[in-house]
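Asks: What follows is a structure written as structure tokens; I'll ask about it next.
Every read-out reported here was derived from the displayed coordinates using simple, explicitly stated rules and does not represent laboratory data. Worth saying up front: this structure is predicted, and the values here are computed from it rather than measured. Here the Cβ positions follow ideal geometry from the backbone for every residue, glycine too, while neighbour counts run over all protein chains shown.
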Amino acid sequence: MSAPRQTTARHRGLSLPETVITISLISVVTSLSAPSLYETYMRQKVDSASRRISQGLERALAAAEEDGDCSLSLSSAGWTAAGGSSLPLCLSRDTGVLATGLGIASDVQLRHTFPAALTFYGSKSQADRSASAAGMAVLSAQGTRLQRCVVLAPTLGLVRLGSYEGNVNTSLSEASCTADRTL
């Protein structure tokens, strides 16, 4: 009787056809998911910019309530000092910095109806916290259909966020700013 034959061949990795098929499947999956990842990224940028504008309004209202009347201006750089205003800048008592969110990302488009110098009235000059004028900011970006709006009601000093359902290339309307359950 002869001894059983032993095989010494070892399996060393993937063959060329297996490697080609694996790389092909990975590239197909990647190409299908890339557009949705980009849209998600742009939606996050629009959401972040709208929250920064809202926080700037809230902080300015709080600063006016604590320290008296102050003013700000909104530009694509975010909240800045209001040029030509005799009122002081809205400053945070805690940090001593401008009551703002930081700038708005360069790929986010901003349109707004706020005056050049937005004045915030504190409790020292009026019974309620308030602002000089109503206004709305609309933010959008290429790569997503999402359009966010931030509305300021001046007499109540209320700020609300929503989704803008209108065309940002035409005249802005507060009626087009609707409640959004995702906020």
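Asks: Would you mind calculating the gained length between residue 76 and residue 51 on full extension (0.36 nm times residue separation, minus the Cα-Cα distance), in nm to one decimal?
Replies: That works out to 7.6 nm of additional length.
Asks: Work out the FRET efficiency for residue 20 and residue 106 from their Cβ-Cβ distance, taking R0 = 30 Å, and round it to the nearest 0.05.
Replies: After rounding to 0.05, the efficiency reads 0.15.
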